[in-house]
């Protein structure tokens, strides 16, 4: 008789644990999984593979002013539908002259300007671009 009461109490305890997991723990885990997926989609560019995808989707060269000093990044080519075109509506021939509030000049240099370009999406910064002789501002999507 004691063994039977022991087994019943053990089964009731297991049932209570399963109910707690089903009603409290499982929904929390599912919610965390959904949140993680949304964060990864939004901040994919912040991962090493996302950063590489950005670099592979655009080819920029140094743009210089009349005196031969660095003044921006000229988009030599861009992969249609690639990471950088998805984040910013850039086109081949655009000259990126600033990221956020930082205007490129000879003190910025090509390497720093290029790094700033790839961090612009993560930091939600605008790009100022010269396209067809007109200055426009591109916001990250």
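Counting other beta carbons within 10 Å of each Cβ, put 107, 128, 135 in order, fewest first.
Neighbour counts put them in this order, fewest first: 107, 135, 128.
In Å, what is the Rg of the alpha-carbon atoms in the stretch 57-138, and how long is Dmax?
Both quantities, over Cα of the stretch 57-138: 11.6, 35 Å.
Rule-of-thumb check for the stretch 2-42: C-alpha Rg over 2.2 N^0.38 Å?
Here the answer is 1.91, to two decimals.
In whole percent, what relative contact order does the chain give with Cα contacts below 8 Å and a gap of six or more residues?
On the way: 175 pairs, mean separation 24.2, N = 141.
Computed over the chain, the figure is 17 percent.
What is the fewest-to-most order of 52, 37 by other Cβ atoms lying within 10 Å of their Cβ?
The most exposed by this proxy come first: 37, 52.
Restricting things to Cα coordinates, could you compute the convex hull volume per residue of the chain in Å³?
For the chain, the hull spanned by Cα atoms encloses 141 Å³ per residue.
Going by how many other beta carbons lie within 10 Å of each one, how would you line up 7, 90, fewest first?
Numbers: 7 10, 90 22.
Placing the least packed residue first, the sequence is 7, 90.
To the nearest Å, what is the center-to-center distance of the stretch 1-24 and the stretch 66-114, using C-alpha atoms only?
First find each Cα centre; the distance between them is then 65 Å.
Every number here is computed from the coordinates shown, using simple stated rules; none is lab data. Everything numeric in this text was worked out from a predicted model, so none of it was measured. Glycine gets a Cβ as well: all are built from the backbone with ideal geometry, and neighbour counts include every protein chain shown.
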